[in-house]
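Have a look at the structure below before the remarks.
The values are calculated or read from the model by the stated rules, or taken from the named source; none is laboratory data. The model shown is predicted, which means the values in this text are computed figures rather than measured ones. Neighbour counts run over all protein chains shown; Cβ positions are idealised from the backbone, glycine included. Ligands, DNA and RNA are excluded from the accessible area calculation, which covers all protein heavy atoms including side chains. Shrake-Rupley method; radii C 1.70, N 1.55, O 1.52, S 1.80 Å.
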Amino acid sequence: MRVLYGVQATGNGHISRARAMGKYLKAEGVQVDFLFSGRPADQLFDMQQFGDYQVKTGLTFVTEQGHINYVKTALRARPLELWRDIRQLDCSAYDLVLTDFEPVTAWAARSQKKPSVAFGHQYAFLHQIPQIHSNPLSRSIFKYFAPAQQQIGLHWHHFNQPVLPPIVDLQPAVNTADLDKVLVYLPFEDQQQVIRWLQPLTQYQFYLYGPGLSKSQHGHIQCSGPCVEDFKRDLLHSNAVLSNAGFELVSEALQLQKRILVKALQGQMEQESNALALTQLQLGQSTSSLSTQVISSWLSSAETGHKVQYANVALALAKWIRAGACPGELQQLNLW
């Protein structure tokens, strides 16, 4: 069985899901070719697992200091290039096209009438889950940005809807946390401002990952640029996670029973809805703005990590795909 797998590369969460799915699909004997879009090739990192992958421009949002800049997003969009990439992508050699909210593969499969399966957090928004600032435009984006014949939403809870638990890319390990260690990942914020927020809190050890940072030590703050292996190690050994409200990191933090504080990317309906769902489920805390005082209050509170244990969704989906991706069988997986 040969599969084309499209991955939205604007956020590392989609790539993290692809790492988990890729390992299990390979174990099931499925040959997978990967295509990434939404990020320049020279900004991708630790991609050896994906072999000879393709990179396309796709579509992405431009963010500045925790907000989406819609003007720059529109100016940098390349709709003609997107259309050309869709038209030129040949799906004839594949038995199935998978897409994790990646538009080139999704629309190429649709135009060539190739069997297709989409899975990812965005598809959960096609159902009745906690949502904030939902409107006709946002609903159209979730429905048409990267459509497929079968669309599988992922979320932290089923909300009595046909969605699956998260796909987490975690290796089996003993979850040993240092009480004063905090993982910080706020890629949409000004990283120097993040450092200023953390500097007064000398009773904690912060491990800050973010774009534009190099590996360096600033007293109790250790900075690092993107690195999968080091990030996973520091996540495992941290007691708490401070991040934007992206789905995948929060999913991994929940699986590891970490304390969580999120600050949603303002103007991004998905992240704002994630923050709402996290607080409604009482699995973590959210804030609309960050400061030294906000971070200090969260860290000094009596809250502990919540007990969440998700099934191995990547393994179940890989087996289901290898067996032919039958819709009826998907409903029988019973992963909650």
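Side notes on the structure shown:
- Matching entry among Ser291, Ser286, Ser297 (being free of Cβ contacts under 8 Å to residues at least 24 places away in the same chain, open to solvent by 20 Å² or more (accessible area, probe 1.4 Å) and farther than 26 Å from Thr99 by Cβ): Ser297
- Leading residue by the ranking (modelled with the lowest pLDDT) among those in the stretch 86-117 that are part of a loop (DSSP other than H, G, I, E, B) and among the aromatic types (Phe, Trp, Tyr): Phe101
- Check on Pro200, out of contact with any Asp or Glu (no Cβ under 9 Å at 6 or more places or on another chain), modelled with pLDDT of 95 or more and open to solvent by 70 Å² or more (accessible area, probe 1.4 Å): yes
- Flag for Gln88 being of a type outside the set (Val, Ile, Thr) and within 24 Å of the chain's Cα centre (by Cα): no
- Search result, residues across the stretch 118-130 that are within 20 Å of Gly11 (Cα to Cα) and not in a helix (DSSP H, G or I): Ala118, Phe119, Gly120
- Residue within the stretch 306-321 that is open to solvent by 20 Å² or more (accessible area, probe 1.4 Å), over 22 Å from Val163 (Cα atoms) and within 18 Å of the chain's Cα centre (by Cα) present: no
- Taken over the stretch 131-158, the criterion of being among the small types (Gly, Ala, Ser), in a loop (DSSP other than H, G, I, E, B) and open to solvent by 40 Å² or more (accessible area, probe 1.4 Å) is satisfied by Ser134 alone.
Listed here are the residues, each with its yes/no results for (1) touching a strand residue (DSSP E or B) at 6+ places or on another chain (Cβ under 8 Å); (2) open to solvent by less than 10 Å² (accessible area, probe 1.4 Å).
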site	(1), (2)
Leu208	yes, yes
Leu236	no, no
Ala240	yes, yes
Gln255	no, no
Glu272	yes, no
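- Residue selected from the stretch 200-209 under the condition in a loop (DSSP other than H, G, I, E, B) and in contact with a Ser or Thr (Cβ under 8 Å, 6 or more places away or on another chain), by the criterion nearest to Leu235 (Cα to Cα): Leu201
- The condition (being open to solvent by 50 Å² or more (accessible area, probe 1.4 Å), within 28 Å of Gln266 (Cα to Cα) and touching a residue at least 40 places away in the same chain (Cβ under 8 Å)) is satisfied by just one residue among Pro226, Pro187: Pro226.
- Residue within the stretch 162-176 that is in a loop (DSSP other than H, G, I, E, B), over 22 Å from Thr279 (Cβ atoms) and of a type in the set (Ser, Thr, Tyr) present: yes
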